[in-house]
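*Asks:* For reference, the structure I am asking about is given below.
Just so it is clear, none of the values below were taken in a lab; they were calculated from the coordinates. On a predicted model such as this, the values are computed, not experimentally measured, just so you know. Cβ sites come from the backbone with ideal geometry, for glycine too, and all protein chains shown count toward neighbours.
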Amino acid sequence: MNDDTCYSAMQSRDARFDGAFFVGVTSTGVYCRPICKVRIPKFENCRFFTHAAVAEGLGFRACLRCRPSLAPTDAIMRWTNEDASKTLAQQALQLIDRSSGELSVVQVATKMGISDRHLRRIFAAEWGLAPQAYSKTRLACEPHGAWPVKPLLLQLPLHLPYDHAHMLKFFATRAIEGVEHIDEKSRLWRTIRLSQGRKVHKGWICADFGAMGSTLPITIGSSLVPVLQQLVPLLRATFDLDAQPKAIDALLLADFPNTAGQRVPGCFDGFELTVRAILGQQITVQAARTLALRLVNRFGEPLKNSEAPVHRLFPSAAGLARASTNELGELGVNRARQTAILGLALAVQNGLDLSNRTRTSTELQVTRNGLLAIKGIGEWTAAYVAMRALRDPDSFPAGDVALQNALGTRQASITKSAKDAEVQSAKWQPWRSYAVLRAWQRLEKPNSKEST
């Protein structure tokens, strides 16, 4: 990334850039992580480095607030001013779980050495509900360990503005019947499968975009409450709630007017998204949606006792790995896509990580290389997956036909079209994923390779 790109990323304090670079401030002699919440220094006073050791070698001192030597590591291992709230909220949830909800909020706060007021504030900010509400849910568990039937309402904070109509339309256009449903009240229903150790939790969520303000209300079925610590980060990533729209819009609105607050829709499962991307290669969104529905009906499993308008789970990697080429062919999946899907299922079972966790640039490239090593997966699919599943804010599928049409770079030469699109995109770094979504919106009828 060049200096202008780094400065834009630093202004956003987006956690996805944590560890991607470090900034040294010449006026103070201190270097920081890009997420540090100190006052943003002037551009002319900033020096950007890919490694902390380089900054120290040039005489910059490590910031005592954000402690750049700790970035990036698992948040549970961090203890800095920047990471303390998240770490404390995670520890509080674990304390409540271990006590089965028997500890009061005051007792939990006392054990942690903080005030109960501070505990309430950080718990609600991280998990979307009050600690006492979670304790009551935990305490209501039956003696044999079953969770109560009553769903749980979360209020997940977000940064305004937020274009919820764009988000809903994106998911509605690609919704698979039985797996996803958008109702007349602007609520998105969805089935979800999450693993915790050897146990698999299956359930549903309902995101109420019609009632959102500074928070997004999301109701989760009782079967998913035990995996709240996994579920909340997944929901935040899927609906891109942590994006900083002011920094993104400042760079993109000049070229994409009337798109303030638009987010990049994530996904509920990286394997699923990649399968859907493979199905969508070089066909329309609607055609890919049809193939995905056939796949779900043939290989998906029912969600038992679902009181929601969604009742089927997308096939798992293990489930599709057992599929034969003949079975896939009967659904209308051609030979190239059969090979790619089966190769992907095997790769995921062998450890290919397509989760939405935050990655360093090196880790991101390793994952992309893992995708590209699968026969039938090319640069476009890898870029699309990076954009939506891997949470790369700067992914750019230059070879996408619809994108080239939207940007006016489509020519007879495929290579020249992609190169011109890449050149045009340079000014949108490090937010090119957001530019792609806004460019696609320019097309009235997006008959692109853009997948479900």
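*Asks:* First measure r as the distance between the Cβ atoms of residue 301 and residue 350, then evaluate 1/(1 + (r/R0)^6) with R0 = 25 Å and state the FRET efficiency to the nearest 0.05.
*Replies:* With R0 = 25 Å, the Cβ-Cβ based efficiency is 0.65.
*Asks:* Dividing the convex hull volume of the Cα atoms of the range 189-338 by its residue count, what figure in Å³ per residue is obtained?
*Replies:* 155
*Asks:* Can you work out ³J(HN,Hα) from phi for every residue in the range 290-298, in order, using Karplus 6.51 cos²θ - 1.76 cosθ + 1.60 and θ = phi - 60°, giving whole Hz and x for Gly and Pro?
*Replies:* 4, 5, 5, 5, 4, 5, 5, 5, 8
*Asks:* Compute the orientation-averaged projected area for the range 381-429 from the convex hull of its Cα atoms and round it to one decimal in nm².
*Replies:* The orientation-averaged projected area of the Cα hull of the range 381-429 comes to 3.2 nm².
*Asks:* Next question. Given +1 on the Cβ of Lys and Arg, -1 on the Cβ of Asp and Glu, and no further charges, what dipole in debye does the range 232-371 carry about its Cα centre, rounded to the nearest 20? Let's see the in-between values first.
*Replies:* On the way: 15 positive and 12 negative charges, 54 e Å.
Dipole magnitude for the range 232-371 comes out near 260 debye.
*Asks:* Can you grab the distance from the C-alpha centre of the range 157-180 to the C-alpha centre of the range 324-355, Å, no decimals?
*Replies:* 27
*Asks:* Rounded, prolate or oblate, given the Cα gyration tensor of the range 304-452, with a/c below 1.5 counting as rounded?
*Replies:* Details: a/c = 1.64, a/b = 1.56, b/c = 1.05.
Prolate, since a/c reaches 1.5 and a/b exceeds b/c.
*Asks:* Now a separate question. Would you report the distance distribution of C-alpha pairs in the chain as whole percents per 10 angstrom bin, up to the bin with the largest distance?
*Replies:* Result, from short to long distances: 4, 19, 29, 27, 16, 5, 0 percent.
*Asks:* In 5 Å bins starting at 0, how do the alpha-carbon pair distances of the range 77-250 split up by percent?
*Replies:* Here the calculated profile for the range 77-250 is 1, 8, 16, 19, 19, 16, 11, 7, 3, 1, 0.
*Asks:* Going by average Cβ density within 10 Å per residue, which order do the peptides 188-199, 380-391 take, highest to lowest?
*Replies:* Result, highest mean first: 380-391, 188-199.
*Asks:* Filter the GluC sites (Glu not before Pro) in the range 247-355 to those in DSSP coil with at most 10 other Cβ atoms within 10 Å of their Cβ, and list the result.
*Replies:* Answer by residue number: 307.
*Asks:* Past 32 Å, Cα to Cα: identify those pairs from 86/246; 169/427; 111/304; 86/199, in the order given.
*Replies:* Long pairs (Cα-Cα over 32 Å): 111/304.
*Asks:* While we're here: Kindly identify the range 230-306 as rounded, prolate or oblate by the Cα gyration tensor criterion: order the square roots of the eigenvalues as a ≥ b ≥ c, call it rounded if a/c is under 1.5, otherwise compare a/b with b/c, prolate if a/b is larger, else oblate.
*Replies:* Taking the square roots of the gyration eigenvalues as a ≥ b ≥ c, the range 230-306 is oblate.
*Asks:* Using Cα-Cα distances under 8 Å and only pairs 6 or more residues apart, what relative contact order does the chain have, in percent?
*Replies:* On the way: 764 pairs, mean separation 59.9, N = 452.
Computed over the chain, the figure is 13 percent.
*Asks:* Given charges of +1 on the Cβ of Lys and Arg and -1 on the Cβ of Asp and Glu, with all other atoms neutral, how large is the dipole of the chain about its Cα centre, in debye to the nearest 20?
*Replies:* Working: 56 positive and 40 negative charges, 65 e Å.
That gives the chain a dipole magnitude of about 320 debye.
*Asks:* Now, a different point. With 10 angstrom as the radius, rank 48, 22, 239 by how many other C-beta atoms surround their C-beta, starting from the fewest.
*Replies:* Placing the least packed residue first, the sequence is 48, 239, 22.
*Asks:* Add -39500 (n - 2.57) for each DSSP H run of 4 or more in the chain, then divide by its residues: what number comes out at 222 nm, to the nearest 500 deg cm²/dmol?
*Replies:* On the way: 19 runs with 192 residues, N = 452.
About -12500 deg cm²/dmol.
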